[in-house]
1. Looking only at region 296-316, which residues are of a type outside the set (Ser, Thr, Tyr) and either in contact with a Cys (Cβ under 7 Å, 6 or more places away or on another chain) or open to solvent by 10 Å² or more (accessible area, probe 1.4 Å) (or both)?
2. Within the group 312, 256, 261, which residue is part of a loop (DSSP other than H, G, I, E, B), away from the ligand (no atom under 16 Å from the Cβ), among the small types (Gly, Ala, Ser) and closer than 19 Å to residue 83 by Cβ?
3. If you check every pair at least six apart or on different chains, which have Cβ atoms under 7 Å apart with a residue in region 138-154 that is assigned to a loop (DSSP other than H, G, I, E, B) first and a residue that is away from the ligand (no atom under 11 Å from the Cβ) second?
4. Which one of 227, 210, 204 is under 20 Å from residue 105 (Cβ atoms) and touching a residue at least 12 places away in the same chain (Cβ under 8 Å)?
5. Given the criterion open to solvent by 40 Å² or more (accessible area, probe 1.4 Å), under 17 Å from the mean Cα position of the chain (by Cα), more than 27 Å from residue 205 (Cα to Cα) and in contact (Cβ under 8 Å) with a residue 24 or more places away in the chain, identify the matching residue among 264, 274, 260.
6. Consider residue 214 carefully, then state whether it is within 14 Å of the ligand (Cβ to nearest atom) and either at pLDDT below 95 or buried (at least 24 other Cβ atoms within 10 Å of the Cβ) (or both).
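The values are calculated or read from the model by the stated rules, or taken from the named source; none is laboratory data. The structure presented is a predicted model; accordingly, all values stated were derived computationally and were not measured. All Cβ positions, even for glycine, are placed from backbone atoms using ideal geometry, and neighbour counts span all protein chains on display. These area figures cover heavy atoms from the full protein model, side chains too; ligands, DNA and RNA do not enter into them. Shrake-Rupley method; radii C 1.70, N 1.55, O 1.52, S 1.80 Å.
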Amino acid sequence: MRARLHQIICVAALMIASGAEARVPVTKLERVEFLGRDYVRLRDWARSNSFSFAWVAHGEVVRVNAGSVTLVFRADSRAVEVNGIKVWLSYPVAVRGANAYVALVDMQTSIEPVVFARKNSRLISVVALDPGHGGKDKGYHKGSVEEKKYTLLLARELRSQLERAGFSVVLTRDSDVRVALADRPAVAKRRGAHLFVSLHFNSTSVGSDTVRGAEVYCLTPPGGRSTSARVGVADTHPGSRFNDESVLLAFCIQRALVKEAGLEDRGVRRAQFEVLRAAAMPAVLVEAGFMSHPDEGAKIRDSAYRRELARAITSGLIEYKRTVESANYRDR
Ligand SMILES: [Zn+2]
């Protein structure tokens, strides 16, 4: 019940923001070039959308707010907080004097699609779940513990919860078989899915005792940069045309994993994973915690905990569906 109230508040927040009829398109704002890239003044963007703009720590942290939508930007950082959830941008926020600047591509592909969700007439009833790895490809493994087993168990749990919530679900694999990466989005398309959700668990060899938490990936936008990349700019892929829906879906799932299942927030991230590049529908890849972390790894192997993860992901999908069905800002 509490979770439901949360969702309604969140949707309402997005709608309040999207009701700003007189807003100026970000492409019409004055541009400033930093390191060969177009940036816009955050203060101009805030004003044009009737958001307040205030330095929390002068020259370091700035807060932009309207209704119950709050964005927090930090100087030289690629991470922005959207209602308390971390979203990784392609380029760092620049600060010069009393002004903060955000890359135009980040405004267009990461911030506006989440804050000003657009109404979408596309049907959302069939969800493709893609349990990572399978067969010879074990994913993370240590001793007899193999990621491929737990991604499938999570997918099956999630399938039953999504079906109870009224969705139809297709799986790209429902046994311990290897499915080529390129075939996974193809299976989803062939079976009429409207959303693609790949399920993985994370691992690290450095700092495995401390690194834990959730990450949800969507495809790096054209002209943007993957979260782990220092250089290089992404090309356009078939999945690129679903950027706005994919980043909103990633945000809704990340938010639910953090706020409802209590995972540490490692942010909505960007990568050019093959399953995301080839997707013919909005697509995300969920890393639902670190198997390499002693405590989080033990929880992932526990069915009651996986049920909680599935509950959060279901709640994120429901929130996404409600948001795109009820958002009222159309003419961008
Ligand atoms: Zn994996």
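1. We begin by selecting, within region 296-316, every residue of a type outside the set (Ser, Thr, Tyr); these are 296-302, 304, 306-313, 316.
298, 299, 301, 302, 304, 306, 307, 308, 311, 316, listed by residue number.
2. 261
3. If the second residue must be away from the ligand (no atom under 11 Å from the Cβ), the pairs left are 140/292.
4. Details: 210 fails: under 20 Å from residue 105 (Cβ atoms); 204 fails: under 20 Å from residue 105 (Cβ atoms).
Among 227, 210, 204, only 227 is under 20 Å from residue 105 (Cβ atoms) and touching a residue at least 12 places away in the same chain (Cβ under 8 Å).
5. Numbers: 264 fails: more than 27 Å from residue 205 (Cα to Cα); 274 fails: more than 27 Å from residue 205 (Cα to Cα).
260 is the lone residue from the list that is open to solvent by 40 Å² or more (accessible area, probe 1.4 Å), under 17 Å from the mean Cα position of the chain (by Cα), more than 27 Å from residue 205 (Cα to Cα) and in contact (Cβ under 8 Å) with a residue 24 or more places away in the chain.
6. Values: within 14 Å of the ligand (Cβ to nearest atom): yes; either at pLDDT below 95 or buried (at least 24 other Cβ atoms within 10 Å of the Cβ) (or both): yes.
So residue 214 fits the description; yes.
Every residue, every condition in (1) out of contact with any strand residue (DSSP E or B) (no Cβ under 7 Å at 6 or more places or on another chain); (2) farther than 22 Å from residue 269 by Cα; (3) at pLDDT below 90, yes or no:
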| residue | (1), (2), (3) |
| --- | --- |
| 24 | yes, yes, yes |
| 36 | yes, yes, no |
| 44 | yes, yes, no |
| 72 | no, no, no |
| 96 | yes, yes, no |
